[in-house]
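To start, the structure under review is shown below, and the notes come after it.
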Amino acid sequence: MIKRLSLILITLVSMSILLSPITEAIGTSSGASTSSSSSASSSTSASGARSSMNSSAARTSVRASMNNARSLSSQRANSLLSKSSSLARPHAIYSAGGSYQEQRRAAMYFNNSLFYWIVMNNHSMSMHKQQQILKQNMRPKEKLYTITIKGKDNKDHVLVVTKKDYDTIQKGAHVKYKNGEIEVIS
């Protein structure tokens with residue numbers, strides 16, 4: 001969408017650059033028909049000066065619009081990168097000693113990769129297979145805190161949670177999982 005808008009803007013500016021000397025020449029040629037050759041040459045040079053100023057202003061406008069388009073595209077790329085951070089493997093090793101945000105980011109990565117495999121296998125994956133996938137994705141010396149939940153379809157799913165969330169969840173408790181957040185209901 002942004003590329004189309006910038007392309008249309010660039011096309012309009014370049015068309016105005018191409019048409020501005022023609023309009024300028026038409027506007028300046030409407031002088032008196034009995035003018036001498038010296039006054040005609042001075043009006044031509046004035047017209048040329050005006051058209052060169054218009055073209056430099058148009059070039060500046062084109063540069064500004066190009067810079068704005070680049071800025072918008074880099075901002076869009078940065079926002080997409082921040083939104084897709086849960087899809088990339090975190091740099092820090094998932095451990096109980098890490099910060100809550102690092103643990104949460106790692107838990108989101110493991111849950112997203114696990115859900116990807118569940119979807120790819122038509123939503124039918126045993127608990128053992130889910131745990132095997134998590135073990136394959138783990139690095140050496142990583143320790144995952146997992147809980148087992150029963151989904152709306154009465155199938156068991158494995159979730160990776162942070163150490164803090166793992167400690168608050170008791171066996172048999174009802175939890176709500178939404179957008180990477182665990183909420184203990186009872």
>> Below 16 Å, Cα to Cα, which lysines can Lys135 reach? Residues fewer than 8 away in the same chain don't count.
In response: Lys143
> Non-local amide H neighbours of Tyr145 (under 5 Å, H modeled in plane, Pro and chain starts lacking H): which ones?
Replying inline: Val161
> Once fully extended, how much extra length lies between Arg63 and Ile2, figured as 0.36 nm per residue of separation less the alpha-carbon to alpha-carbon distance?
Replying inline: 20.3 nm
> Beyond 23 Å, what percent of the Cα pairs of the range 87-184 remain?
Replying inline: 21
> Tell me, what ³J(HN,Hα) does each residue in the range 165-179 have, in order and in whole Hz, if you take phi through Karplus 6.51 cos²θ - 1.76 cosθ + 1.60 with θ = phi - 60° and put x for Gly and Pro?
Replying inline: 5, 4, 5, 7, 8, 9, 5, x, 6, 8, 10, 10, 10, 8, 6
> Which whole-number percent is the relative contact order of the range 87-184 (Cα, under 8 Å, 6+ apart)?
Replying inline: 26
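Computed from the coordinates by the stated procedures, all read-outs in this text should not be read as laboratory data. No experiment lies behind these values; they were computed from the predicted model shown.
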